[in-house]
Amino acid sequence: MSKNDNRVNQILEKFYQTAINEVKKNNGESFLKKLDRNQRKWLYKIVSQVESFKAVVTVLTTSLVKKVENPRQDIRYHKNELKGGYSGRTFDTKFITPFFKRYFPRLAMKESGWLTRSIEQPHPFTLKFPGKIRNKEIKQSFLQVLNDVEEKKAKPKKYLLALFILLSREINRSDDLLKVRLTTSKRKLTINSIIESLKEHFFAKYRSAGASRLPVIAIYSIYEILLNDVARYKDKKLLPLKSHVAADVKAKEIGDVEIIDKKKKSVFEGVEIKHGIPIDFLIVRDVYEKIKNIPIERYYILTTAKPNIKKDEKEKVTQFVTNVRKNHGCEIVINGLIPSLKYYLRLIRNLNGFIVRYSRNIKAEASVSTEIKIEHVERWSKMIKKQF
């Protein structure tokens, strides 16, 4: 490792440890007050939605660390092909993303923040940067910080330390929430109360994306119980929940939920889950493409949308499903996700067991990635305490 590499890593470690000490002292408030009103507003805005804008936070961190490491570098020029620029992506991949994976793993990019299309644009990060970061306030806050450093000579060290303080506070808040054990009163649990709670959780208005993952976790949680309670699933195994981000075909997966026959060592049942999307012919055809070479018995396509099947495609979908059954042997079942959950809940012996598993699974997902956001866990936690 070169001297310069050591210097960059030392900068990161020093500012992180200082931020931790500031948080321990008084939650970082005394240092944050050293920033002016606009500076705090910009950073607070960015960190308030860090789970949805990890790339922006990564690129901002990269830029600030680069400025501390080399004060002469105009950090707005983040590509070598830009006059006077440097490779922000290389700097990020080598130093920043590995650092995030060590200290802020939930917020770390897989490789680099520059792999995001809205950021990798060959334009400097000036206030006129054309990249389409989907939240205008986040975009402007990000660009204003860099403009403040380069045009108004604001201290990058002050920004970097404040950013790490806010990120550390966010991690502490989410960690505390994920450690809370969610319990229910069995006397208040009914199938209808659970269904109503799930509907509220699925369809609530959230600031960030990720709610489409919740129905998947609900079905997965019910299958965890069905495999023990229902004779059909004797000698069957539920495969681990896959990432919703990876494409099914690329990952050689047949659906969101997969059950295999342990004796035959083959796929037994699959489930594809759509949130708010009616099933159409293309969806069913795509499912068939995934299973056509697999001797699978049954495949469920479930959706939270009403109607379950697009009205003008119902006949076409029904005919295709009939042909698959006749020529392949797999029974494709299309149904509403909510009615399916209601039916499954009637089959299990312990309703509380479902609540426990669903709560555990959404927290487990939130702890290792940001597909499930902390606000999803937060909302479910409040609902559990209020309703059960």
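The values are calculated or read from the model by the stated rules, or taken from the named source; none is laboratory data. Values in this document were obtained by computation on a predicted structure and should not be read as measured data. Cβ atoms come from the backbone with ideal geometry, glycine included; neighbour counts cover every protein chain shown.
In segment 29-82, which residue that is in contact (Cβ under 8 Å) with a residue 12 or more places away in the chain, among the small types (Gly, Ala, Ser) and part of a helix (DSSP H, G or I) is surrounded by the fewest Cβ atoms within 10 Å (Cβ to Cβ)?
Ala55
Whether any residue in segment 338-352 is surrounded by 14 or more Cβ atoms within 10 Å (Cβ to Cβ), touching a residue at least 12 places away in the same chain (Cβ under 8 Å), within 14 Å of Ile279 (Cβ to Cβ) and assigned by TED's automatic domain parsing to the domain that holds Ser197 is what I want to check.
Yes, segment 338-352 contains a residue that is surrounded by 14 or more Cβ atoms within 10 Å (Cβ to Cβ), touching a residue at least 12 places away in the same chain (Cβ under 8 Å), within 14 Å of Ile279 (Cβ to Cβ) and assigned by TED's automatic domain parsing to the domain that holds Ser197.
Just wondering, is there one or more residues in segment 63-83 that are within 18 Å of Tyr159 (Cα to Cα), charged (D, E, K, R) and either within 25 Å of the chain's Cα centre (by Cα) or not assigned by TED's automatic domain parsing to the domain that holds Glu120 (or both)?
No, that holds for no residue.
Determine which single condition Asn70 fails, assuming it passes every other condition in (1) at pLDDT 95 or above; (2) under 17 Å from Ser141 (Cβ atoms).
Unmet for Asn70, out of (1) at pLDDT 95 or above; (2) under 17 Å from Ser141 (Cβ atoms): (2).
Conditions: (1) surrounded by 17 or more Cβ atoms within 10 Å (Cβ to Cβ); (2) touching a strand residue (DSSP E or B) at 6+ places or on another chain (Cβ under 7 Å). Val333 meets all but one. Number of the miss?
(1)
When the residues of segment 16-28 are narrowed to those that are farther than 17 Å from Tyr103 by Cα and in contact (Cβ under 8 Å) with a residue 40 or more places away in the chain, which ends up surrounded by the most Cβ atoms within 10 Å (Cβ to Cβ)?
Selected residue: Gly28.
What's the number of the condition Lys94 fails, among (1) crowded, with 21+ Cβ neighbours inside 10 Å; (2) not in a loop (DSSP other than H, G, I, E, B)?
(1)
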